[in-house]
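The values are calculated or read from the model by the stated rules, or taken from the named source; none is laboratory data. Since the model is a prediction, treat every value here as computed from it, not as a measurement. Please note: Cβ atoms are built from the backbone with ideal geometry, for glycine as well, and neighbour counts cover all protein chains shown. With ligands, DNA and RNA removed, areas are computed over all heavy atoms of the protein, side chains included. Shrake-Rupley method; radii C 1.70, N 1.55, O 1.52, S 1.80 Å.
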Amino acid sequence: MQNKILFILLALAINVQSQPYFPAKGRVFNDAEVPRIDISIDPDSLIDIYANVYSDHEYPADFLFTDASGSVSVSNVGFRLRGNTSRTAGKKSFKVSFNAFIPGQKFYGVEKMNLNGEHNDPAIVRSKLFWETAVRLRMPYSRANHVEVYINGNYFGLYINVEHNDENFLQSRYLNNSGNFYKCLYPANLAYLGANPNNYKLGGSAARVYDLKTNTSADDYTDLKDFITALHAPNGPNYQNNLEKLFNVNAFLRAYAFDILTGNWDNYGGNNNNYYLYHNPETGKMDYITYDVDNTYGIDWLNKNWGTRSIYSWSLDTANRPLVTKLLAKADYRNRFSFFMKKMLASYASTSAMVALSDSLKDLISTYVINDTYHSADYGYSFNDFLDAYTQPLGGHAPYGIQDFISTRNSNATAQLVLNNVAPIFSETRHNPFAPYAGDSIYIKSWVEDENPIANVYLHYKINTSGMLDSVLMADDSQHRDDALGDGIFGAGISGANLGDTLYYYLSNSDVFAVKGREPRLGFLSIVVAPKPQLFINELMTKNISTLADNFGEYDDWFELYNAGAVADMNRIFVSDDFTRLGKWNVGNSTLAANGFLLCWADEDGSQGANHANFKLSGSGEKIALSEFNGVNYRILDSLSFGLLANDQSVGCYPDGIKPIVVQGPSTPGNSNLIASVYSLLSEQNFKMYPNPADKQLILDTKNLKNKLELTIFNTAGEKVYSTIFIQNPVFTKNQINIDNLIPGVYCLKIVNQDKVNHVTFIKQ
């Protein structure tokens, strides 16, 4: 039997996700209060914004955020209109771009802020109600909260601040942001357009139907083509298995069920619009993500009764909604869809839960609506209309009060549900989000659901194709990397895999009717044990006044990388001053030799060369990370925290690659930090040693020492590689030490004289 261990993991540091992460609301999206946002902008710029409503030109402005904790200001942000139909509305929506004029500038980790006027919604709450409930149901959607917006001191009304879907959003939900991220606009119906990926670039390079937002330089739509091809493949015994390799089916079925319960028709199922697809490199699957949800909870522009419409024929045009029709044509997918909807109706999407949430939100925001004159700008809504909108229809595009819609939709959905037994459902199965290195344990977990309580979830595995298949029970007890106790997420761990091994695994569970669920549907998932690079952030300087100029003669911030292991491929190595964007700067097309050093300029100017990073170092101190991208995720290899430094002062590791850091004296950019220690030691000793670095010989001048000298040389592993005894000659004090047979590297020379011990570090070239 192979070596196996089911781990108790509370004290272990390696993280593993079972589903997308859900970051804390933080200060920006705090919904326990209504923060105030002040925009200060040149009056002429504001006039231009309103005169050119379809322009995306960003105007410079100052930003002030005020809440119960105080005020925080950000200068020189970008400010413009956002949205589609709302651009011509009386109450407009705005976008704040903190990095528009100062690259890398953020506000509490946020680069952009969407301030939505919600001019269609008399209750000014529908979007927030949708986002809040979705997150409670474990959907990786945007954070949102209500805010007051003032421009040049004038109150522009109550807005909903909605998290922007960008690389930061992806990183916080998936721990990666390197996959293709498509914004899907009308008419993005996922029709098959052939085997050429370029066929899917509908609309040209500017306003595409599937608008690629990441990896735009590569502009490669192969992953989208592959997913759509699998969706439209002929029915056969492997259809579902092949589709599930490329698409997160369960996540879409949840999203579709929730869209129906909330009346969200302005999306894929209703209007071929307003969704994202993210090709998650960790799983190799496309993830479906909804956005723009103001047309919900009874809002209607199409003369449809979204409260009573059949949940099984809810889409408007089934001939042009292949993602819905293809999936619901499969009995087990249809049963899963029904199961997800029933589960939502019994929890956070229940009538009682959503009515209570809407009431609490109304109580929170009511006082901010009274003085919102823009609330009436488009449809003449009064404050009484705002209050009535929660419980009564207002006519026109608001034929339902919010709570009336919730009650109607939920009761009709419950009556329409056709429930059949489902096989146990495995969702968001994950192993270590980073390929494990030799010596790491491998952790696997999955979200398991069924109509009845789950028991006896098994992890089946083998190491390499020749290994014997073995099994372990998974647990939902918070002790096995399975998140919280009793949350339906089961975890287990395995050891025994060595460098270069491949672990193959699948999960299984049988319900009370002996119906078996399996993940994946066929075959195995796999993970390869990889070697860990021995790379370190070795030294840095934030105020380079006169120490060293770069290749353009500029005295910029710099940092130095050190390789303590074998030759390292730097194509997979990234450095960042932002822990939410570990892939901020790729070191690039190079290798770094064993015991080698690489000097990099943190000048935010990549045009000056490959070793110029796209960020600067903070003069007041910060933390930077060195990461490896394994094709799936970024794994932190090293990090370095530093505080305020003086001019031309650097900090670094001593010895190289070893923490804690120390102030270097002098700085040694591109070289071993041990040289600095040599300089300082020699100034205090009664001998001189030179040259350093040395090639074949060291000269040890011992004119101030007496009697016998015991000399020993150690390598960085602490191994003795040379030893001798010198009898001090009062005339000939320049002793020669032959180091020709030493391999290049860093060494320590130990000198014992009259019971006094001195250590000097040198470099053999």
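Remarks
- Going through (1) at pLDDT 95 or above; (2) touching a Lys or Arg at 6+ places or on another chain (Cβ under 8 Å); (3) open to solvent by less than 60 Å² (accessible area, probe 1.4 Å); (4) within 29 Å of M286 (Cα to Cα) one by one, L459 falls short only on (2).
- When R309 is tested against (1) among the basic types (K, R); (2) assigned to a helix (DSSP H, G or I); (3) more than 30 Å from E148 (Cα to Cα), just one condition goes unmet, and that condition is (2).
- Screening the candidates S495, S508, S546 for the property of being in contact with a Lys or Arg (Cβ under 6 Å, 6 or more places away or on another chain) and either small (G, A, S) or within 18 Å of R635 (Cβ to Cβ) (or both) yields one hit, S508.
- All told, D648 meets the bar of being more than 27 Å from the chain's Cα centre (by Cα) and open to solvent by 40 Å² or more (accessible area, probe 1.4 Å).
- The sole residue among D477, D487, D483 that is in contact with a Leu (Cβ under 8 Å, 6 or more places away or on another chain) and open to solvent by 20 Å² or more (accessible area, probe 1.4 Å) is D477.
- Of the residues examined, R136 is one that is surrounded by fewer than 20 Cβ atoms within 10 Å (Cβ to Cβ) and out of contact with any Leu (no Cβ under 7 Å at 6 or more places or on another chain).
- Taken together, the residues in the range 375-416 that are of a type in the set (F, W, Y), assigned to a loop (DSSP other than H, G, I, E, B) and open to solvent by 10 Å² or more (accessible area, probe 1.4 Å) amount to 3.
- Condition met for D603 (open to solvent by less than 20 Å² (accessible area, probe 1.4 Å), acidic (D, E) and either at pLDDT 90 or above or more than 28 Å from L175 (Cα to Cα) (or both)): yes
- Complete set of residues in the range 315-330 that are touching a residue at least 60 places away in the same chain (Cβ under 8 Å) and either part of a helix (DSSP H, G or I) or within 25 Å of R136 (Cβ to Cβ) (or both): N320, P322, L323, V324, K326, L327
- Residues located in the range 622-636, provided they are open to solvent by less than 20 Å² (accessible area, probe 1.4 Å) and in a strand (DSSP E or B): I624, A625, L626, S627, E628, Y634
- Residue pairs whose Cβ atoms lie under 9 Å apart, separated by 6 or more positions or on different chains, with the first residue in the range 198-214 and of a type outside the set (F, W, Y) and at pLDDT below 90 and the second surrounded by fewer than 17 Cβ atoms within 10 Å (Cβ to Cβ) and assigned to a loop (DSSP other than H, G, I, E, B), are S205/D219.
- For the range 587-598, a residue qualifies if it is outside any loop (DSSP other than H, G, I, E, B) and surrounded by fewer than 16 Cβ atoms within 10 Å (Cβ to Cβ), and exactly one does: T591.
- Only one of the numbered conditions (1) open to solvent by 60 Å² or more (accessible area, probe 1.4 Å); (2) hydroxyl-bearing (S, T, Y); (3) at pLDDT below 95; (4) touching a Gly at 6+ places or on another chain (Cβ under 9 Å) is violated by Y443, and that is (1).
- Members of the range 345-374 that are in a helix (DSSP H, G or I) and of a type in the set (G, A, S): S352, A353, A356, S358, S360, S366
- Residues that are over 22 Å from Y437 (Cα atoms) and part of a loop (DSSP other than H, G, I, E, B) within the range 470-507 comprise M474, D476, D477, S478, Q479, D483, A484, L485, G486, D487, G488, listed in sequence order.
- Residues (touching a Phe, Trp or Tyr at 6+ places or on another chain (Cβ under 8 Å), part of a loop (DSSP other than H, G, I, E, B) and under 10 Å from R336 (Cβ atoms)) located in the range 417-431: V422
- The lone criterion from (1) without any contact (Cβ under 8 Å) to a residue 12 or more places away in the chain; (2) touching a Ser or Thr at 6+ places or on another chain (Cβ under 6 Å); (3) not aromatic (F, W, Y) left unmet by S93 is number (1).
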